[in-house]
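The values are calculated or read from the model by the stated rules, or taken from the named source; none is laboratory data. In this text the structure is predicted, and so the values were computed from the model without any measurement. Cβ atoms come from the backbone with ideal geometry, glycine included; neighbour counts cover every protein chain shown.
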Amino acid sequence: MKLILRFIFATFIMAAISISAAYGQANLTFSGGNGTPLSITLNQSVTYTINNSNCTASIPYFIFDGVGNIFGFETLVSGTIAFSINNGTANPIEVANSGIAAGAISADDVFVIGDTSTSSPSGSTIVLRAGTITTTGNFAGAPPASRSYTTFITNDNADRCTTANGVAAPAATTTSVTSSADPSVFGQPVTFTATVSTAGLGTPTGSVQFFDNGNPIGGPVTLNASGQAQVTTSALTVGNHTITAQYAGNVPAGFNPSSGSLITNPQTVNKASTTTVITSNQANPVGTGVPITYTATVSPVAPGAGTRTGTVTFFRNGTPVCSNVAINASGQATCNITFNVAGNYNITVQYSGDTNFNASSNNASPFVQQVLGPTAAQLTAGGRIVTVTGRGIARARVTMIDSSGQPRYALTNPFGYYRFAEIQAGEVYIFTVSAKGFQTEEFVKNLNESITDLNVVLNRP
């Protein structure tokens with residue numbers, strides 16, 4: 001009696017085993033044919049335990065059910081698919097045919113592969129090793145579909161030789177990692193994506209743990225339907241980071257563990273850029289002697305983020321006025337300045353930077369502080385022009401010249417009185433008095449308040 005290893009094709013309606021290779025299924029790939037040799041690849045080794053006493057020692061044959069009657073009797077094959085019994089010598093697969101001599105399985109449904117001489121006792125453990133076999137002659141038809149097969153052992157009498165299906169070796173996996181931004185800057189969210197794959201043996205399931213320089217980034221992340229897992233972090237410090245991912249594997253589902261590294265390792269994190277601006281607590285312009293509080297605000301430039309530290313120095317027309325002022329948790333620092341001289345002043349600030357943020361300043365757009373001097377009061381000045389006898393001189397001409405050289409004129413009334421209005425206080429004025437038949441007089445007066453007794457006595461020549 002022959003011992004038979006039977007592979008049952010997963011049908012299309014059995015979606016769970018026809019779409020992907022799961023643990024306990026033998027994944028087979030067919031290629032060639034159409035007038036060329038046909039190749040059959042077993043992608044995973046399969047282990048069987050014979051535990052039915054009805055299965056006597058015999059030559060094992062590996063049967064694929066559902067392919068159809070594709071081979072004649074004992075078509076010769078050669079290649080690397082082999083089997084071993086109880087860890088013994090590997091025995092190559094030598095022949096393939098359709099149907100079984102005893103007729104237990106219809107020749108229209110199956111083809112069989114095996115060797116020609118090796119027998120195995122009941123109670124044996126048989127391992128069908130992964131590899132490829134190819135027909136020694138051409139195969140006229142198209143190759144069968146590549147699928148996963150449930151596998152177990154029978155004999156010619158269709159006795160089940162195993163109480164459980166054969167167990168396919170878990171598929172080898174590979175893990176790769178990519179970064180959403182490399183290089184990145186401090187505070188920038190970076191998403192790492194791990195992709196776990198097999199060599200055509202289905203999509204792995206399970207979880208992935210990401211690591212930064214060997215330290216976990218969060219907890220394990222479950223793979224999605226595409227075999228991918230992602231983690232996003234904004235906590236990467238400035239410098240280089242070795243990013244890795246460890247796939248835990250899912251042996252019951254048929255997938256071995258694996259690990260991988262970021263393909264662009266290391267992840268480079270640079271300092272984030274900053275901007276620095278100044279505001280004032282006073283409307284512009286201000287008068288001299290008014291205290292002004294300037295606030296410098298240091299902000300990160302997106303996508304950078306985080307708390308800035310360090311100091312700022314305030315400058316007035318390039319000269320430091322508040323040096324090395326520490327910024328607070330909001331990135332702000334203040335400086336108080338009082339201006340005693342009118343004019344325009346460029347107020348700038350320089351941020352020192354820190355371990356995570358670059359230095360910056362507002363030098364390109366300084367805050368222009370306008371300072372105005374005190375406003376002069378509007379004065380009046382006047383008096384009387386008289387003769388030596390005290391008689392008022394009518395129509396005498398009084399000229400007043402200000403510090404800019406601008407003259408103003410007034411004529412005395414019939415009683416000798418004159419008056420100037422809207423005079424700027426705090427300036428020096430030159431007065432000249434002339435009248436027909438009298439000598440001209442000139443005097444200088446510093447006017448700080450209104451005056452009504454600027455009297456002048458004119459003499460005859």
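Worth a mention:
- When Ser31 is tested against (1) assigned to a loop (DSSP other than H, G, I, E, B); (2) polar (S, T, N, Q); (3) surrounded by fewer than 15 Cβ atoms within 10 Å (Cβ to Cβ); (4) modelled with pLDDT of 70 or more, only condition (1) is not met.
- The stretch 291-308 - residue that is in contact (Cβ under 8 Å) with a residue 60 or more places away in the chain and assigned to a loop (DSSP other than H, G, I, E, B) and, of those, surrounded by the most Cβ atoms within 10 Å (Cβ to Cβ): Gly304
- Comparison of Val277, Val269, Val371 shows that the only residue that is over 36 Å from the mean Cα position of the chain (by Cα), at negative phi and surrounded by 12 or more Cβ atoms within 10 Å (Cβ to Cβ) is Val371.
- Flag if Arg408 is closer than 20 Å to Thr440 by Cβ, assigned to a strand (DSSP E or B) and modelled with pLDDT of 95 or more: no
- Criterion violated by Ile430 - all others in (1) touching a residue at least 60 places away in the same chain (Cβ under 8 Å); (2) surrounded by fewer than 17 Cβ atoms within 10 Å (Cβ to Cβ); (3) not assigned by TED's automatic domain parsing to the domain that holds Ser323 satisfied: (1)
- Selection from the stretch 210-238 of residues that are surrounded by 13 or more Cβ atoms within 10 Å (Cβ to Cβ), touching a Ser or Thr at 6+ places or on another chain (Cβ under 8 Å) and among the small types (Gly, Ala, Ser): Gly227, Ala229
- One residue alone among Pro320, Pro252, Pro220 is within 30 Å of Ala26 (Cα to Cα) and modelled with pLDDT of 95 or more, and that residue is Pro220.
- In the stretch 322-392, counting only strands (runs of 3 or more DSSP E) that sit wholly within it, the ones holding 1 or more residues that are outside the structural domain of Gly239 (by TED's automatic domain parsing) and farther than 30 Å from Thr440 by Cα span 332-338, 343-351, 367-372.
- Among the residues listed as Ala245, Ala225, Ala235, the single one being assigned to a strand (DSSP E or B) and not β-branched (Val, Ile, Thr): Ala245
- Considering Leu411, Leu372, Leu458, the condition of being of a type in the set (A, V, I, L, M) and closer than 30 Å to Ser323 by Cβ is satisfied by Leu372 alone.
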